[in-house]
Every structure is written in structure tokens, then in C-alpha cells.
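I have placed the structure first, in the form of C-alpha cells, so that the comments after it can refer back to it.
The values are calculated or read from the model by the stated rules, or taken from the named source; none is laboratory data. This structure is a prediction, so every number in the text was calculated from the model and none was measured. Here the Cβ is made from the backbone with ideal geometry for all residues, glycine too, and neighbour counts use every protein chain on show. These area figures cover heavy atoms from the full protein model, side chains too; ligands, DNA and RNA do not enter into them. Shrake-Rupley method; radii C 1.70, N 1.55, O 1.52, S 1.80 Å.
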Amino acid sequence: MSSSSPPNPSSGSAPAPAPSPLLTLPGAVAAEAPDEGVAAHYGDLFKEQRALADGTGFVDLSHRGVVTVSGQDRLTWLHLLLTQHVERLPAQQATDALILSANGHIEQELQLVDDGETVWMHTEPGKQGELLGYLESMRFFYRVEIADRTSEVAVVHLPAGSIAEVPAHVHAVRETAHGRDLFLPRAELAAFAASHAPAVGVLAHEALRVEERRPRLGMETDHRTIPHEVGWIGSAVHLEKGCYRGQETVARVHNLGKPPRRLVFLHLDGSEVRLPAHGDAVRLAATGLEGRQIGFVTTSARHHELGPIALALVKRNVAPDAELIVGPDATAAAQEVVVAP
């Protein structure tokens, strides 16, 4: 695959959980790949975005994979496998971590928290089977128990600023600057929705993610992506720990070189009706549609305040002030730096 090839947002190896019962709520429209099984929106995309921005409502993320690791050695063992420093992770402190290939390419992105007895993590839809297989293969003599909890536990997201009450029977809470992820018994989804309205679809959640310049596995990554390209150094990769697969590549690029690509944020021409699709080509405006492809759109969204926006991966040597066009419609795009050239 070339340096300008798009990621595959539908990659994964585990069967999806049953469609969310919240798809029966009034106005619910089912999401497409990679978010099948939950609602894209409930009838008013911008209203739902404003609700999240104001700290109200919740997002049904029950299609995401849930894996747990318990046992006396869980943190010291995970510390050997993950890019993040988790050996002494305090209970209830959320963190992000990656699993890399031997060549340093991103294979998994985990959003996790330890409750004092069990590490709870959620990952992209369908990726939990692959994750479970890798963890099982690395168990050896460590005192750990690994489980796929996707069929019984659902993830729901409360936005930053929410004052909503957390249900008593929630398994774990993962609190970050962007809000709280609750690991909720799947059987309680409908009751949770009734007491925590309004429900907000994943399109609104994605629009705010793009606004915040946060990468997503399978959207901003492909099989060749290294953490430096998308800005996961620091937030998901701890540079002062070794002893994990792919660490040599991380250290070499950090100390001696630059990544071949970099993540950028795009302000798109609002006069175009069509949003660029995942994988649409990015080119220099000066060269037009006949010019060489220098990157691709990873995620695009219509934002309630900013209008059409997107994230894209472009070649590192693209000038930060270069005017760009994206997609077959040659939509004009102005870039903002996310990862420095």
C-alpha cells in the first residue's frame, strides 16, 4: 500500500454484538461502517452536537468491544505489552495505550481504566477478538484472567461537563477531559436511556472528535501507521518505558527522524453539498485534480459551528500553509497543523 492509501475502517475479527435496543428510539437512524449497530443520529445532528458541547445527553457506544484483565499480575503484565506506562497505574485513572507490531505499526488502540481489581478496556467494533487472541498468546505464567465482555457490557459516553448521575450497577467509569465512559450492563441500556436523555448519535460524537483533532483507530490509521504520524506520542505512548513490541521503531523515529506522514485538520469549503468520503484524495490546489495525490481524508464531519471539517493524513513535507483540494469535487481545504512537519 502506498503512503497515500486510506485505512480500512471496517477491519476487525470479532462478530458484532446484537444491534442496540436504542435503535428503536424515536427518530433513530442506523449508523454505517464502522459504527453499525448503534444510531448515527436521532433526527437532528446539529442539536445533538450542541447537546454534547453543552454537557448534556449521552452517546450509545454499545457496539465497541469490551475486554477485561483481572488477577494479581494484571498491571505488571500489561506494562510489558502496551506502549503506556501502566505498571503503577492508580485505580480509577483513565489512560490510553497502543499495541504495536514488531515494526512499530499500530495494531490496537485501547481506552482503559483499572478499578483496583480489574482493568476494563474498550476498543474499536470487532477488534476485541483479535485483541483477546493476542493477550491469550502472551499470558505465559502470569497470574491474569482475560475475558471478552462485549456481549454483556455496553459502553456509553457522558460528555465533559455532564452532571448526570452514574447508575449504581455500572461496572467501571473511565473519566477523561472529553467526558466519562461508563461500562454498563448491556441489559440496562434501555433504562439508562430513559433516565439520561437526550440520546445523541455517533455522528455528533465523531464531529466533536474531529474538532478536537483526536485520531481514531481504523479511520486515521492503516496497517502502516506509526504513533508519531497521528499525535499519539505522549497521550498513548510513554517515551520513557521500553520492553514492548515495536519500541525500537518508536525510539528511533523520535530520536533520529521524522514520520513519513502527519495528521492535519482541514476547514472545508462550505459551498459544497457533498462531504469528502473516507479515503478521498488530498492534492495541492496549485496542481488541480491532475496533480499527484499527497494524502487522503480520514474523517469528515459537519460541525454545528465550524461547518464542514475533516482530518487527513498528508506527506510530512507538505507545507503547512499550502492550499489543498480534496476529493473528486476538488473541494477547497485550508489546513491546520496537528502533527508538526
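Points worth noting:
- Residue selected from segment 233-254 under the condition under 15 Å from HIS85 (Cα atoms) and touching a Pro at 6+ places or on another chain (Cβ under 7 Å), by the criterion surrounded by the fewest Cβ atoms within 10 Å (Cβ to Cβ): ILE233
- Close pairs (6 angstrom Cβ cut-off, 6 or more residues apart or separate chains): farther than 9 Å from HIS105 by Cβ in segment 214-227, open to solvent by 20 Å² or more (accessible area, probe 1.4 Å) and among the β-branched types (Val, Ile, Thr) anywhere: PRO227/ILE233
- Residues being of a type in the set (S, T, N, Q) and in a loop (DSSP other than H, G, I, E, B) - total across segment 299-326: 1
- Residue that is within 30 Å of ASP96 (Cα to Cα), within 21 Å of the chain's Cα centre (by Cα) and among the hydroxyl-bearing types (Ser, Thr, Tyr), where the choices are THR249, THR299: THR299
- Conditions (1) closer than 21 Å to LEU45 by Cα; (2) open to solvent by less than 20 Å² (accessible area, probe 1.4 Å); number of the one not met by ASP222: (1)
- Count of segment 96-105 residues which are open to solvent by less than 10 Å² (accessible area, probe 1.4 Å) and either part of a strand (DSSP E or B) or in contact with a strand residue (DSSP E or B) (Cβ under 9 Å, 6 or more places away or on another chain) (or both): 4
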